[in-house]
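Since the structure comes first, as structure tokens, the remarks are kept for the end.
Computed from the coordinates by the stated procedures, all read-outs in this text should not be read as laboratory data. In this text, all values refer to a predicted model and were calculated from it rather than measured experimentally. All Cβ positions, glycine included, derive from the backbone under ideal geometry; neighbour counts span all protein chains shown.
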Amino acid sequence: MIKASGIRFELDYSLLQEDPALAGIAADLHALPAIDSPQSFNDFCQAACRLWQQHFPNGRGATANGFQEMSARLALANPAEEIVTTAWGGVVITRRDEPLVEKYLVINQGHYLALEKHDEKMESLFVIEGRGLILRRERTEASLLVEELQTGKKFYFTPGVEHCVIGTENLLIFERSLDPKGMDQDLLFLYNPDSSV
């Protein structure tokens, strides 16, 4: 794991603005400054969660058995399972046949993951339940694209794609990755979540 800092990210809200239901939160998020420090990254993610609750007090998504089951597995921390608890929720690893790794990301409402990228790792994300936001930028793009996460959405990240997941509501994501360096060995953290959140 490597940490980096001092990178400036402008944000692109065009995909949110295309959905009339999300235009209001897109406008509010647009008023926030660019991400250019650990403080501004955490301020942005926390503001996104707060603004989401203001715009959607009853939520836009739902979680059911999947999120509850994975949360329970995290809480039990059965030694027979490969579990990683985190400040934002945790990871339930269901297959580890490296370089192939399959796991569930259990992200609690109001929490978010690091803004990161990988040198060699390729990963696909599939939203199982809940709602949130994803920030992502291909190498050729100038800004981080802000997009809603919703049930059924899929994302595929090649090496070098910068990305961050924000749980504006409880969120369950299935990740399948090819990680030649080994699980969690190919992480370049651009900005980390505030551990107090």
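Anything in segment 44-92 that is among the aliphatic types (A, V, I, L, M) and touching a residue at least 24 places away in the same chain (Cβ under 8 Å)? List them, or say none.
From segment 44-92, those among the aliphatic types (A, V, I, L, M) are 47-48, 51, 62, 64, 70, 72, 74-77, 80, 83-84, 87, 91-92; that's our starting set.
Selection gives ALA48, LEU51, ALA62, ALA64, MET70, LEU74, ALA87.
Given the criterion under 29 Å from ALA26 (Cα atoms), surrounded by 18 or more Cβ atoms within 10 Å (Cβ to Cβ) and β-branched (Val, Ile, Thr), identify the matching residue among THR63, THR86.
THR63
Restricting attention to segment 70-123, which residues are charged (D, E, K, R), part of a strand (DSSP E or B) and under 17 Å from the mean Cα position of the chain (by Cα)? Break it down stepwise before answering.
So in segment 70-123, the residues charged (D, E, K, R) come out as 73, 81-82, 95-98, 102-103, 116-117, 119-121, 123.
Then drop every residue that is not part of a strand (DSSP E or B), which leaves 82, 95-97, 102-103, 116-117, 123.
Once the filter is applied, which keeps residues that are charged (D, E, K, R), part of a strand (DSSP E or B) and under 17 Å from the mean Cα position of the chain (by Cα), segment 70-123 yields GLU102, LYS103, GLU116, LYS117, GLU123.
Can you name every residue in segment 141-172 that is part of a loop (DSSP other than H, G, I, E, B) and crowded, with 20+ Cβ neighbours inside 10 Å?
THR168, GLU169, ASN170
Tally the residues that are among the aromatic types (Phe, Trp, Tyr) and not in a loop (DSSP other than H, G, I, E, B), restricting the search to segment 12-43.
Within segment 12-43, residues that are among the aromatic types (Phe, Trp, Tyr) and not in a loop (DSSP other than H, G, I, E, B) number 1.
Would segment 95-106 turn up any residue that is surrounded by 19 or more Cβ atoms within 10 Å (Cβ to Cβ) and of a type in the set (Asp, Glu)?
no
In a strand (DSSP E or B), over 23 Å from ALA72 (Cβ atoms), of a type in the set (D, E, K, R) and touching a Leu at 6+ places or on another chain (Cβ under 9 Å) - does that describe any residue in segment 173-193?
First, pick out the residues of segment 173-193 that are in a strand (DSSP E or B): 173-178, 188-191.
When the remaining residues are screened for being over 23 Å from ALA72 (Cβ atoms), the result is 177-178, 188-191.
Okay, now just the ones that are also of a type in the set (D, E, K, R), so none.
The answer is no, given that none of the residues of segment 173-193 is in a strand (DSSP E or B), over 23 Å from ALA72 (Cβ atoms), of a type in the set (D, E, K, R) and touching a Leu at 6+ places or on another chain (Cβ under 9 Å).
Can you spot a residue in segment 185-197 that is in contact with an Asp or Glu (Cβ under 7 Å, 6 or more places away or on another chain), crowded, with 17+ Cβ neighbours inside 10 Å and over 26 Å from GLN46 (Cβ atoms)?
Checking segment 185-197: at least one residue is in contact with an Asp or Glu (Cβ under 7 Å, 6 or more places away or on another chain), crowded, with 17+ Cβ neighbours inside 10 Å and over 26 Å from GLN46 (Cβ atoms).
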